[in-house]
Amino acid sequence: MMHIKQEAQERHVLTITVDNEAGILAKIAGLFTARGYNIDSLTVADITDGHDVSRITIVTHGPPPVIDQIRAQLERLVPVHKVTDLTEVGPFVERELALIKVAGKGENRVEALRLADVFRAKVVDTTTASFVFELTGTPDKIDTFVGLMKELGLVEVGRTGIVGMVRGANAA
Amino acid sequence: MFLDDPYRQAPRLSDMQGKLPVKTERSGAEILVESLVAKGVEFVFGYPGGAVLPIYDALFGDERIRHILVRHEAGAAHAAEGYARATGKPGVVLVTSGPGATNAVTGIADAFMDSIPLVVITGQVPTALIGSDAFQEADTVGITRHCTKHNYLVKDPSQLAGIIDEAFRIATEGRPGPVVIDIPKDVQIASAAWSGHAPQQRNRYTPQTEAPATDVAEAVRLIAAAKAPVLYTGGGVINSGDEATRLLRELQKLTGAPVTSTLMGLGAYPAGDPAWLGMLGMHGTYEANMAMNRADLIVCVGARFDDRVTGRLDAFAPNSKKIHIDIDRASINKTVQVDLPLIGDCAKVLGQIVEGWLETGCTRQDLTEWYARIDGWRARQSLAYPSRGQEIMPQKAIERLYELTKDRDPIISTEVGQHQMWAAQHFHFMKPNKWLTSGGLGTMGYGLPAAIGAQAGFPETLVIDIAGDASIQMNIQEMGTATQYRLPVKVFVLNNEWMGMVRQWQELTYESRYSNSYSDSLPDFVKLAEAYGWKGIRITDMSELDAGIQAMIDHDGPVFVDCLVTKEANCFPMIPSGAAHTDMILYGDEVAGTMDDEAKALV
């Protein structure tokens with residue numbers, strides 16, 4: 001009998017700057033599917049005045065040789081300027097934004113607001129029976145907050161996926 | 001002269017009324033044609049259709065580019081590949097939207113796997129209709145995204161010249177590959193300024209071609225110290241050009257190391273040389289695979305440790321240091337971890353190593369003991385096969401074909417299967433660009449159109465497609481193309497009435513349950529050839545073999561040889577799926593006919 005084998009996985013955060021041309025996102029996302037790599041989250045927006053360069057942050061996981069291959073495969077795409085493995089280059093910050101809708105009355109509502117304060121979440125919309133919180137932080141922090149809100153009337157969660165940047169004065 | 005020229009089409013009225021006035025604006029189609037001319041394109045392999053009519057009209061009567069009308073778009077792509085492999089120049093394909101483009105996809109994917117420079121121009125429905133499921137619409141850019149090096153959808157004719165310029169650069173520089181340019185019909189018709197040449201553009205594609213000096217020095221040190229080195233060379237040497245071939249031979253002379261090659265790299269090192277080990281891998285020689293297994297240093301030059309080469313990965317060359325020269329950083333450590341990667345063009349890096357060797361005054365190691373061991377492996381005569389009396393063994397047919405044609409320096413193409421491996425084993429190549437075969441994708445139906453493309457590039461050279469009875473039928477319609485353009489290609493079919501390689505695997509792993517591998521209802525190939533205006537020759541036994549081959553060579557037009565060979569012959573030596581280099585099956589070995597699931601699951 002034969003069984004499919006599993007390998008040890010590592011989480012890596014990659015940033016990629018690319019020419020902002022038609023199909024580039026499909027090309028990158030498709031490369032991941034075509035070669036069997038994983039995408040945990042992907043964010044993208046153009047970052048120059050001329051709107052000609054986009055920066056993509058991809059969170060992926062896989063065994064170390066696969067992570068190295070992902071980088072090499074991305075680097076050989078013509079529109080790709082630069083690939084940085086933030087996990088590899090050293091300490092970096094990562095932030096994610098989430099919108100979290102919570103509905104409830106009485107003590108639950110007060111508790112939700114109190115916890116939001118602890119997590120430094122902002123209220124961006126409210127009715128007498130609901131809040132929409134805006135929360136920025138690491139994926140962990142957002143996970144924790146969402147976990148707490150489940151007990152207090154969580155209705156809906158929207159998350160952006162992370163944007164990452166290396167610490168210190170220099171570009172990665 | 002014109003009447004006798006098969007590329008010549010009837011002149012159009014406007015040509016007869018004198019030259020066209022100099023225009024500052026040209027249609028997209030005209031800009032395309034001018035740009036191709038500017039790139040030095042001699043041949044376009046194509047097939048017209050609704051969405052490329054403006055381009056075909058621009059080509060009409062233009063004698064600067066010769067258009068070869070194929071019979072199926074797959075043939076166009078493979079013919080362009082054959083042309084590119086034989087000449088070293090990029091192949092150009094022109095097909096219509098929808099089915100035209102999808103039919104060409106196999107050839108595009110083939111070129112992508114084997115790193116062959118192609119520029120494929122596809123028509124597209126007009127811009128306003130894109131996404132509306134219009135007639136003959138397909139998302140060509142989407143479909144070809146992962147089997148091209150790069151692709152474009154051109155939205156404005158003013159971008160065309162720049163895109164074509166970049167496309168040729170991307171197709172040919174670095175690791176070569178196919179580039180698709182999808183041009184909507186309205187963009188072909190609309191006008192844009194044309195200055196006579198491509199606008200200056202930012203160069204965004206600059207592959208690294210030279211290795212760092214410290215790494216080169218380390219490579220020289222490793223090679224100089226090796227007691228059992230092997231040069232393992234691949235298609236990258238041939239893609240890199242004649243200089244790489246020359247430097248490979250020079251490095252071999254300096255170091256004395258034996259040389260093996262992948263299927264794609266045959267011809268980079270002369271097969272007649274004493275240091276030549278033969279091809280390695282699944283159907284490689286015993287000595288090549290044993291040398292790889294026992295080597296203390298492997299210098300991989302422009303090859304990529306393909307699964308057909310490595311066999312079982314955990315048993316691949318276990319005691320060796322590995323140096324890997326490749327222009328594509330993504331080929332490094334993809335399947336096999338190497339000790340020293342040298343990223344760069346084969347010719348440049350080989351030049352750096354040769355220079356480093358000479359500068360540091362290295363002397364070659366005494367490799368007598370290593371060659372003595374190799375001679376021991378050679379003595380197994382792994383390519384030997386039994387004789388079958390008057391029946392023609394397929395290996396014998398290739399041997400005779402080689403002997404009778406070698407003085408003419410022929411170009412050989414193949415289809416895919418047993419005949420391909422026999423050709424690789426028994427036809428010997430002394431020069432690069434003489435061996436055209438589909439290695440990575442393994443595309444049946446490749447050989448005939450590839451031979452046509454190569455013959456277009458070298459009209460005086462003997463070009464032979466060594467084929468199987470099953471493979472040849474996959475693009476057999478291209479016989480018409482050879483007839484039309486008077487291309488004297490030869491097709492030499494080893495006819496055993498089986499999809500031989502499929503049957504061989506069924507024999508080895510599925511207890512000879514020959515599921516759908518018999519070539520039933522074969523046509524009469526001789527009559528078929530004659531119907532296409534070719535000469536047809538049938539060779540039925542040993543007594544006819546040499547005369548049949550000679551008649552094929554002597555005929556100055558296209559010839560189809562139906563060579564009936566022993567039906568049961570299998571291709572050995574063979575490393576079975578999932579086995580190590582040391583576990584080769586040789587002719588005459590007992591084979592169980594079963595395989596465990598782990599091995600069956602491998603490709």
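Structural remarks
- Residue selected from segment B:322-339 under the condition more than 14 Å from every other protein chain (Cβ to nearest Cβ) and crowded, with 19+ Cβ neighbours inside 10 Å, by the criterion nearest to the chain's Cα centre (by Cα): B:325
- When residues in segment B:149-166 are screened for being within 17 Å of residue B:33 (Cα to Cα) and either among the polar types (S, T, N, Q) or more than 10 Å from chain A (Cβ to nearest Cβ) (or both), 11 of them pass.
- Total residues in segment B:273-321, condition of a type in the set (D, E, K, R), surrounded by fewer than 22 Cβ atoms within 10 Å (Cβ to Cβ) and either touching a Gly at 6+ places or on another chain (Cβ under 9 Å) or closer than 16 Å to residue B:333 by Cα (or both): 6
- Of the residues making up segment A:18-42, those that are surrounded by fewer than 18 Cβ atoms within 10 Å (Cβ to Cβ) and polar (S, T, N, Q) are A:33, A:38, A:41.
- Restricting the first member to segment B:587-602 and to residues that are surrounded by fewer than 11 Cβ atoms within 10 Å (Cβ to Cβ), and the second to residues that are among the hydrophobic types (A, V, I, L, M, F, W, C), the beta-carbon pairs closer than 6 Å and six or more apart or on different chains are B:597/A:2.
- Restricting attention to segment B:294-328, the residues being of a type in the set (Lys, Arg), modelled with pLDDT of 95 or more and within 28 Å of residue A:31 (Cβ to Cβ) number 2.
- The condition of being among the acidic types (Asp, Glu), touching a Gly at 6+ places or on another chain (Cβ under 7 Å) and either in a strand (DSSP E or B) or closer than 30 Å to residue B:594 by Cβ (or both) holds for residue B:507.
- Check on residue B:417, crowded, with 17+ Cβ neighbours inside 10 Å and more than 30 Å from residue B:471 (Cβ to Cβ): no
- Only residues that are touching a Lys or Arg at 6+ places or on another chain (Cβ under 6 Å) and surrounded by fewer than 24 Cβ atoms within 10 Å (Cβ to Cβ) were counted in segment B:453-481, giving 3.
- Among all positions in segment B:193-200, there is at least one residue which is surrounded by fewer than 21 Cβ atoms within 10 Å (Cβ to Cβ) and either closer than 18 Å to residue B:112 by Cβ or aliphatic (A, V, I, L, M) (or both).
- Output for segment B:169-208, where each listed residue is in contact with a helix residue (DSSP H, G or I) (Cβ under 7 Å, 6 or more places away or on another chain), within 14 Å of another protein chain (Cβ to nearest Cβ) and modelled with pLDDT under 95: B:201, B:205
- Residue check, residue B:274 assigned to a loop (DSSP other than H, G, I, E, B) and at pLDDT 95 or above: yes
- Among the numbered conditions (1) within 17 Å of residue A:78 (Cα to Cα); (2) more than 11 Å from chain A (Cβ to nearest Cβ); (3) touching a Leu at 6+ places or on another chain (Cβ under 9 Å), the only one that residue B:118 does not meet is (3).
- Counting the residues of segment B:340-398 that are assigned to a loop (DSSP other than H, G, I, E, B) and not acidic (Asp, Glu) gives 22.
- Listed by position, the strands (runs of 3 or more DSSP E) enclosed by segment A:1-100 that each have at least 3 residues that are in contact with a Phe, Trp or Tyr (Cβ under 9 Å, 6 or more places away or on another chain) and either at the interface with another protein chain (Cβ under 9 Å from one of its Cβ atoms) or touching a residue at least 40 places away in the same chain (Cβ under 8 Å) (or both) are A:53-62.
- Take the conditions (1) within 14 Å of chain A (Cβ to nearest Cβ); (2) in a strand (DSSP E or B); (3) among the small types (Gly, Ala, Ser); residue B:536 misses just one of them, which is (1).
- Segment B:576-590 - residue that is out of contact with any Leu (no Cβ under 6 Å at 6 or more places or on another chain) and either modelled with pLDDT under 80 or on the phi > 0 side of the Ramachandran plot (or both) and, of those, farthest from the other protein chains (Cβ to nearest Cβ): B:588
- Only one of B:404, B:350 that is surrounded by fewer than 21 Cβ atoms within 10 Å (Cβ to Cβ), in contact with a helix residue (DSSP H, G or I) (Cβ under 6 Å, 6 or more places away or on another chain) and not basic (Lys, Arg): B:404
- Out of B:543, B:517, B:521, B:577, sole residue that is assigned by TED's automatic domain parsing to the domain that holds residue B:427, crowded, with 16+ Cβ neighbours inside 10 Å and either farther than 22 Å from residue B:419 by Cα or of a type outside the set (A, V, I, L, M, F, W, C) (or both): B:517
- In the set B:390, B:365, B:420, only one residue is among the polar types (S, T, N, Q), in contact with a helix residue (DSSP H, G or I) (Cβ under 6 Å, 6 or more places away or on another chain), away from chain A (no Cβ under 14 Å) and touching a residue at least 40 places away in the same chain (Cβ under 8 Å); that residue is B:390.
- Residue match in segment A:105-122 (condition: under 14 Å from the mean Cα position of the chain (by Cα) and not hydroxyl-bearing (Ser, Thr, Tyr)): no
- Among (1) out of contact with any His (no Cβ under 8 Å at 6 or more places or on another chain); (2) assigned to a strand (DSSP E or B); (3) not hydroxyl-bearing (Ser, Thr, Tyr) - the single one residue A:105 does not satisfy: (2)
- Checking residue B:560 against (1) buried (at least 17 other Cβ atoms within 10 Å of the Cβ); (2) farther than 21 Å from residue B:464 by Cα, the condition it does not meet: (2)
- Of the helices (runs of 4 or more DSSP H) lying entirely inside segment B:114-225, the ones with 2 or more residues being within 22 Å of the chain's Cα centre (by Cα) are found at B:160-172.
The values are calculated or read from the model by the stated rules, or taken from the named source; none is laboratory data. Since the model is a prediction, treat every value here as computed from it, not as a measurement. Ideal geometry is used to build each Cβ from the backbone, glycine not excepted, and the neighbour counts take in all protein chains shown.
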